[in-house]
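Q: What follows is a structure written as structure tokens; I'll ask about it next.
The values are calculated or read from the model by the stated rules, or taken from the named source; none is laboratory data. Since we're looking at a predicted model, the values are computed, not measured. Reconstructed Cβ throughout: ideal geometry from the backbone, glycine too, with neighbour counts over all protein chains shown. For the accessible areas, the whole protein counts, side chains as well, though only heavy atoms, and no ligand, DNA or RNA atoms are used. Shrake-Rupley method; radii C 1.70, N 1.55, O 1.52, S 1.80 Å.
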Amino acid sequence: MKRALSISIISLVLAVVGACATSEDGTPAASPDLDSDPITVGDAASNEDAAFDAGADADTDASNCSSAGWCVTSIPDSDLTFRDIWALPGRAFAVAESPTLGVKVLEWKDEDAKWSYIDDNTQNESGRGSYAGRIWAPSEDEVYYAVAPRTIYHGKRSDSPTAAWSWTYSQLENRVPTYAPEPQHPGHYVGRPWYQMCHCGGVNGLVTGELGDIPALGVFGTSSDDVYAFYANTIYHLSSDEAGARTWQVEYVADDRDRDDEQHVFLSATAVSRDDVWFGGGRGGRPTDNRMCPIAVRRTPSGYVRVADGVGVTGATPCAARSDTLSIGGAAGWLADLDVDSTNAVVGLKAAREVVRITADGDTYSAAISAPFPMPLSLKPLRSLSAVPDESTLWIGGTNLVARSDDAWDGGSYQISTISLNGGWLETPINRVRGSSKNDRWAVGVRYALHKTTP
């Protein structure tokens, strides 16, 4: 049975690769329908038979663009791996890593149609720059980014349009408890925890994929005077002291461990408004331990509340309900990416395979789960999620692919938004999808930053 299942999986993968081949006139071919009955949100059908409605969602004749309108942008060095991006109308900021240059920060301007470095390179001095965290910009003239260990950089554009950016940095206080030794990843265990994605006990009994080291280090805000940071198990807020100096104040620490080797991590943040900020992450153990449970924390004017949490157990149901918190259910795994869905709901990517929507009705919370990318068509984990409040389209980035879901919470189907270029499969992980509007979306990853200016 296992052998037959493996053949079925390979056939499906080959079908998708074949969909990226050139058409007879030499242009990238649109992905054909793989099944006449597209998967809908909440469909409980067997994943072995699941497939996408894989129609192209745009047309373009540009040689450096896919048939879905994803276009290659000019990057200054070919060995850059884009880790995160923040999009604004007409421009974007990104943080990347390079084996030759270290951590780099870049700016894109539509008018120039290329990426340029804007950092001062101090992030790569001894003791810094071992990996990059998240990036966030309140405006086109101000940007924050995180870099190990626990350092937050703040950049401001000079009044002169030709002058360089000015940069300052500060280090977050370490509030991480002492964990049991981690022999495989001793240097990154708390700030870049290892994510083991296990599909144990799933529909097909699959055990697949490792997302690897992901940064529990980032920065996010609602405005230039309301900025947060997170590192490992701690949330910080940039506040002014009595002398007017702005410093990072610890506001929330998750340290309620169930066992000595358990870690807590925050991996993402989003905000419905200044008074409604959300953080996503999880709790779990060593890389050999699949007991990883999602955590969602909400900050309101009344303070912080643990909205969702779980108790790690063994077996086919790795997370059990925890008293006084929402139990999300579904696959075990962390809530690794968050975005706003509406004025009373956020969506998140959980366990590298599920999209979750958490809805707040006062102090009452509920969760719904959809399978955003049916298994076993994708054998590798999903990495990023992007939504625009009150729009119907949800975007997902994964290994070698971008997907979209229209009307995801109202029976909508799933589509591959092809990134195939010149008829060839673009074999690069997409680490982040992000957009400022329906006509300004980005998909960035290893050696590529793809820009889409069509709906």
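Condition check ((1) more than 21 Å from the chain's Cα centre (by Cα); (2) at pLDDT 95 or above; (3) open to solvent by 30 Å² or more (accessible area, probe 1.4 Å)) across all residues:
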{"site": "Thr288", "(1), (2), (3)": "yes, no, yes"}
{"site": "Val307", "(1), (2), (3)": "no, yes, no"}
{"site": "Gly312", "(1), (2), (3)": "yes, no, no"}
{"site": "Thr317", "(1), (2), (3)": "yes, no, yes"}
{"site": "Ser323", "(1), (2), (3)": "yes, no, yes"}
{"site": "Lys350", "(1), (2), (3)": "no, no, no"}
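Q: Would you mind stating whether Ala50 is modelled with pLDDT under 95, farther than 21 Å from Thr453 by Cα and either open to solvent by less than 30 Å² (accessible area, probe 1.4 Å) or in contact with a Cys (Cβ under 9 Å, 6 or more places away or on another chain) (or both)?
A: yes
Q: To continue, here is another question. For region 390-408, check the following and say yes or no: at least one residue is modelled with pLDDT of 90 or more, closer than 23 Å to Pro215 by Cα and touching an Asp or Glu at 6+ places or on another chain (Cβ under 8 Å).
A: Scanning region 390-408, I find no residue that is modelled with pLDDT of 90 or more, closer than 23 Å to Pro215 by Cα and touching an Asp or Glu at 6+ places or on another chain (Cβ under 8 Å), so the answer is no.
The rows are residues; the columns are (1) open to solvent by 40 Å² or more (accessible area, probe 1.4 Å); (2) of a type in the set (D, E, K, R).
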| site | (1), (2) |
| --- | --- |
| His237 | no, no |
| Gly244 | yes, no |
| Thr247 | yes, no |
| Arg259 | yes, yes |
| Arg274 | yes, yes |
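Q: Continuing with this model, one more query. Report the residue count in region 118-157 for those that are among the hydroxyl-bearing types (Ser, Thr, Tyr), in a strand (DSSP E or B) and surrounded by fewer than 16 Cβ atoms within 10 Å (Cβ to Cβ).
A: Going through region 118-157 one residue at a time, the tally reaches 1.
Q: Restricting to region 359-389, what's the tally of residues that are modelled with pLDDT of 80 or more and farther than 20 Å from Arg134 by Cβ?
A: Within region 359-389, residues that are modelled with pLDDT of 80 or more and farther than 20 Å from Arg134 by Cβ number 11.
Q: Can you list the strands (runs of 3 or more DSSP E) found entirely within region 223-264 that contain at least 2 residues being at pLDDT below 95?
A: On the way: elements: 226-231, 234-240, 246-253.
So the answer is 234-240, 246-253.
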